[in-house]
Amino acid sequence: MKLFTFRLATLFIMLILTSCAALNPNFEKPKVSVNSFKILPRGSINPTFEIGLRVVNPNSIPLNLKGMSYTASIEDNKIFSGVANQLPIVQAYGEEDIKLNAQADLFGGIRLFADLMKKRDTPISYTLKVKLDVGTFALPIYITREGNLTIPTTH
């Protein structure tokens, strides 16, 4: 009886995994970009930022976002991180703007300020990491954006 139960459970799990893969074998990662960034007026020593993200869904099914976590770093100094759970549904082949409030990491900001005060001839690197949670039975979607910012030099 135990062997029959084990085989039935294994068959059930394989069926679920196969059906999930068959439902959307061509799923593309959504694209996430920063489209606005501003400091919010607060009376705290630790600034709060409003970050505008644009999420583009290149798939034929809507993205029902349950939650999101994010981290931004400049020159390997974590500047801010946070989570959000009241997110819009990104329709199939659609896009949505999402506003996030994030408080700066005070020590990361101090280290960044010290790094930026040094004379530099190289661009400033940044990294944005986003994890999108699309529900209980789907794996989270991880997106990393990396690049360089060039600060013009004055002569």
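What does the extension gain come out to for Arg120 and Arg145, with contour length at 0.36 nm per residue minus their alpha carbon separation?
6.7 nm
What is the gain in length, in nm to one decimal, between Asn26 and Leu106 on full extension, counting 0.36 nm per residue of separation less the C-alpha to C-alpha distance? Show your work: numbers first, answer last.
Numbers: separation 80, 0.36 × 80 = 28.80 nm, distance 4.18 nm.
Difference between extended and current length: 24.6 nm.
Give the lysines whose C-alpha is closer than 29 Å to that of Lys31, dropping any in the same chain fewer than 8 places away, or say none.
Candidates past the 8-residue exclusion: Lys66, Lys78, Lys99, Lys129, Lys131.
Can you compute the modelled spin-label distance between Ile89 and Asn35, with each label point 7 Å from Cα toward Cβ, in nm?
2.0
Just so you know, all these numbers are worked out from the coordinates, no wet-lab data involved. All figures in this text were calculated on a predicted structure; none of them were measured in a lab. Glycine also receives a Cβ, built like all others from the backbone with ideal geometry; neighbour counts cover every protein chain displayed.
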